[in-house]
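Notes follow the structure.
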Amino acid sequence: MKRIRAKKRYGQNFLKNGAVIEKIIQSMPATENVVVEIGPGLGDLTKKLLHKKDVIAFEIDEELCDVLRSQFKDELTDGSLSLHCGDVLESWNGNLVDEPYDLVANLPYYIATGIVLRALRDRECKNILVMLQKEVAQKFAAKEGEREFSALSVLAQSCGESKRLFDISPDSFDPPPKVTSSVLLIKKERSLEEREFEEFLKRAFSAPRKRLLKNLSSRYEKQRLLEIFAQLNVPENIRPHEATTSIYHRLYEILEQRKIDGKKSTEPAIAKTAKKS
Ligand code: SAM
């Protein structure tokens with residue numbers, strides 16, 4: 001078989017450590033859902049996934065699609081594998097597929113954060129088990145009070161339970177990436193419904209080491225914020241990483257008069273006045 005050269009522009013670092021692949025398989029949630037794999041690459045993880053489940057795979061690199069077509073001829077014929085060649089982000093408007101699925105993948109790192117966010121928004125996506133940069137995994141899995149607690153942590157916690165399972169050193173890949181990787185598991189109980197909530201969190205964490213009150217006062221009146229903070233027993237000098245996910249939900253409900261599931265809030269309109277952005 002022709003030797004494939006890894007393409008940097010597609011974030012290609014092929015996982016070559018069989019023990020790590022096995023650990024990922026062992027970490028899969030026990031569900032009846034089909035598996036979606038983004039970036040099957042040379043198919044090493046895909047082969048193991050197919051021993052467990054049907055797989056729907058999305059691969060951008062035409063050259064790799066040819067390799068996969070010949071390697072998985074039988075599975076493509078019997079329908080246990082479907083392969084979509086092209087940029088997954090282009091086919092991802094709303095739900096990526098039309099049935100409940102678990103995302104299991106060694107992600108291309110240059111778009112890993114965006115992929116996890118889309119999966120959190122996608123109602124058909126039930127669980128997320130992905131390999132990505134350790135730094136990004138830490139953000140998605142951090143708990144309040146930890147230095148890495150960020151808007152991404154709040155979004156992941158808003159959907160369910162999020163955990164960094166284990167780390168993988170660069171020498172498990174060919175070619176080795178410059179960073180350490182981690183496997184992240186998010187067990188979803190619900191999806192993100194409110195893009196406005198994501199914007200709200202961006203503002204709340206805009207200057208992560210400043211006070212939350214200061215960050216939010218770029219949009220909301222300070223006096224109103226002080227009243228709401230007092231009502232919720234939130235200290236005025238709290239930093240963004242110190243507030244809990246449920247505080248962010250309550251603040252959003254009161255300030256924007258909407259719940260994070262998109263429904264109208266029943267809160268009294270104490271803070272309806274918002275500054276113009
Ligand atoms: N799953 C393989 C493994 O574990 O060895 C390859 C993982 S490699 C880190 C990322 C894979 O994602 C590559 O095969 C790359 O071509 C593919 N990829 C990159 N960007 C993509 C995109 N926008 N849509 C679909 N696949 C993409």
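The values are calculated or read from the model by the stated rules, or taken from the named source; none is laboratory data. From a predicted model like this one, the values you see are computed outputs, not experimental measurements. Counting neighbours? That spans all protein chains shown, and the Cβs are built from the backbone with ideal geometry, glycine included. We work out accessible area using only protein heavy atoms, side chains counted, and drop any ligands, DNA or RNA first. Shrake-Rupley method; radii C 1.70, N 1.55, O 1.52, S 1.80 Å.
So which lysines can Lys264 reach, going by Cα to Cα under 22 Å and dropping same-chain residues fewer than 8 places off?
Straight-distance partners of Lys264: Lys202, Lys272, Lys275, Lys276.
Can you tell me which of 71-77, 53-59, 159-165 comes out highest on packing, and rank the rest after it, using the mean Cβ neighbours within 10 Å? Display every interim value, and only then the final one.
Working: 71-77: 14.4, 53-59: 21.3, 159-165: 17.3.
In decreasing order of mean packing, 71-77, 53-59, 159-165 become 53-59, 159-165, 71-77.
For helix 222-231, what angle does its Cα long axis make with the longest principal axis of the chain, in degrees from 0 to 90 and rounded to 10?
Taking the Cα atoms of the chain, the angle to 222-231 is about 80 degrees.
From the protein chains alone at 1.4 Å, what is the descending order of accessible area for Arg3, Arg69, largest first? Please list the in-between numbers first.
Working: Arg3 185, Arg69 100 Å².
Heavy-atom accessible area, descending, gives Arg3, Arg69.
Which value, in Å² rounded to 10, gives the accessible area of Leu185 with a 1.4 Å probe and all protein chains present?
20
Considering only DSSP beta bridges where both residues belong to the chain, give the percentage that are antiparallel (nearest 5). Don't skip to the answer; put the middle values down first.
On the way: 19 of 37 bridges.
Counting DSSP beta bridges with both partners in the chain, the antiparallel share is about 50 percent.
Can you tell me the accessible area per residue over segment 62-201, all protein chains present, probe 1.4 angstrom, in square angstrom?
Values: 6310 Å² over 140 residues.
Each residue of segment 62-201 exposes 45 Å² on average to a 1.4 Å probe.
Hey, if we sort His51, His84, His241 by accessible area with the 1.4 Å probe, largest down, what's the order?
On the way: His51 145, His84 85, His241 30 Å².
The ordering from most to least exposed comes out as His51, His84, His241.
Report the rotationally averaged projected area of segment 8-188 based on its alpha-carbon convex hull, in square nanometres.
On the way: hull surface 38.9 nm².
The directionally averaged projection comes out at 9.7 nm².
Just the isolated ones, please: cysteines in the chain lacking another cysteine beta carbon under 4.7 angstrom.
Cysteines lacking a close Cβ partner in the chain: Cys125, Cys159.
Expressed as an acute angle from 0 to 90° and rounded to the nearest 10, what is the orientation of the C-alpha long axis of helix 195-204 relative to the principal long axis of the chain?
Taking Cα atoms only, the helix is inclined about 70 degrees.
Taking 8 Å as the Cα distance limit and 6 or more residues as the minimum spacing, I'd like the relative contact order of the chain as a percentage.
Working: 481 pairs, mean separation 40.9, N = 277.
For the chain, the relative contact order is 15 percent.
Once you've got the Cα coordinates, tell me which of Lys143/Lys222; Lys188/Lys222; Lys222/Lys263; Lys16/Lys73; Lys178/Lys259; Lys53/Lys178 are over 29 Å apart.
Values: Lys143/Lys222 27 Å; Lys188/Lys222 35 Å; Lys222/Lys263 26 Å; Lys16/Lys73 22 Å; Lys178/Lys259 41 Å; Lys53/Lys178 32 Å.
Pairs exceeding 29 Å: Lys188/Lys222; Lys178/Lys259; Lys53/Lys178.
Any idea what angle helix 245-256 forms with the longest principal axis of the chain, computed on alpha-carbon atoms, 0 to 90 degrees, nearest 10?
60
Compare Glu198, Glu227, Glu148, Glu236 by solvent-accessible area with a 1.4 Å probe and give them largest first, with all protein chains kept in place. Please list the in-between numbers first.
Details: Glu198 20, Glu227 75, Glu148 50, Glu236 105 Å².
Reading off the accessible areas and sorting them downward yields Glu236, Glu227, Glu148, Glu198.
Carbon and sulfur together cover what percent of the accessible area of the chain at a 1.4 Å probe radius? Intermediate values should be presented prior to the final figure.
Details: 6460 of 13850 Å².
So the carbon and sulfur contribution to the accessible surface is 47 percent.
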